[in-house]
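Asks: Before we start, here is the structure in question, set down as structure tokens.
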Amino acid sequence: MTVDNFVRLDKWLWAARFFKTRSIAKEAIDGGKVHCDGVKGKASRAVTVGMTLKIRQGFHEKTVTVKGLSSQRGPAKIAQTLYEETAESIKKRETLAIQRQSMPKTEGKPDKRQRRQIHRFKREQN
């Protein structure tokens, strides 16, 4: 892995293995799923050591502090040294995971009777 003085945000997220490709990282940034120090990020923004990033991936939202810079994707063990997740973020993710697991599972698509009830309910609301 090379150590750089300037690394783009999309490249760093890819190198730190938050996203599988740079284009997916860029889409997430443009979609507002990545915030840098409380401000919506841009793909070309320079990442610096000590910067706080808030990254949303599906149900998970991670708050990480940048510990190192790299513009090359390498082994996962090395990628994990580039950042450190905050204790509050870990606790929040674990709590939400437990809540999601305790929710009742859906049984699939509604049957004909349930669909009629749904349509009747929607008509009554309008």
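Asks: Take the residues of region 79-100 that are of a type in the set (V, I, T) and without any contact (Cβ under 8 Å) to a residue 12 or more places away in the chain: which is most open to solvent (accessible area, probe 1.4 Å)?
Replies: I98
Asks: Of the numbered conditions (1) out of contact with any Gly (no Cβ under 7 Å at 6 or more places or on another chain); (2) open to solvent by less than 100 Å² (accessible area, probe 1.4 Å), N126 satisfies every one except a single condition; which is it?
Replies: (2)
Asks: For the structure I just gave you, tell me whether A76 is over 14 Å from L13 (Cβ atoms), in contact with a Lys or Arg (Cβ under 8 Å, 6 or more places away or on another chain) and touching a residue at least 40 places away in the same chain (Cβ under 8 Å).
Replies: Against the criterion (over 14 Å from L13 (Cβ atoms), in contact with a Lys or Arg (Cβ under 8 Å, 6 or more places away or on another chain) and touching a residue at least 40 places away in the same chain (Cβ under 8 Å)), A76 qualifies.
Asks: Then there is this: Among the residues in region 82-101, are any under 17 Å from the mean Cα position of the chain (by Cα) and assigned to a loop (DSSP other than H, G, I, E, B)?
Replies: Within region 82-101, one or more residues are under 17 Å from the mean Cα position of the chain (by Cα) and assigned to a loop (DSSP other than H, G, I, E, B).
Asks: Moving on. Is one or more of the residues making up region 101-111 touching a residue at least 40 places away in the same chain (Cβ under 8 Å), of a type outside the set (F, W, Y) and open to solvent by less than 100 Å² (accessible area, probe 1.4 Å)?
Replies: no
Asks: Would you pick out the residues in region 15-49 that are in contact with a strand residue (DSSP E or B) (Cβ under 8 Å, 6 or more places away or on another chain) and polar (S, T, N, Q)?
Replies: Hits for region 15-49 are S44, T48.
Asks: Where residues in region 33-69 are open to solvent by less than 40 Å² (accessible area, probe 1.4 Å) and more than 13 Å from L9 (Cβ to Cβ), which of them is nearest to the chain's Cα centre (by Cα)? Quick ask: steps written out before the conclusion?
Replies: First, pick out the residues of region 33-69 that are open to solvent by less than 40 Å² (accessible area, probe 1.4 Å): 34, 36, 41, 43, 46-47, 51, 53, 55, 63-66, 68-69.
Adding the requirement that they be more than 13 Å from L9 (Cβ to Cβ) leaves 63, 65, 68.
Numbers: T63: 9, T65: 14, G68: 19 Å.
Among those that are open to solvent by less than 40 Å² (accessible area, probe 1.4 Å) and more than 13 Å from L9 (Cβ to Cβ), it is T63.
The values are calculated or read from the model by the stated rules, or taken from the named source; none is laboratory data. Here the structure is a predicted model, which is why all the values come from computation and not from measurement. Cβ: placed from backbone, ideal geometry, glycine included. Neighbour counts: every protein chain shown. Just the protein is used for accessible areas: all its heavy atoms, side chains included, with ligands, DNA and RNA removed. Shrake-Rupley method; radii C 1.70, N 1.55, O 1.52, S 1.80 Å.
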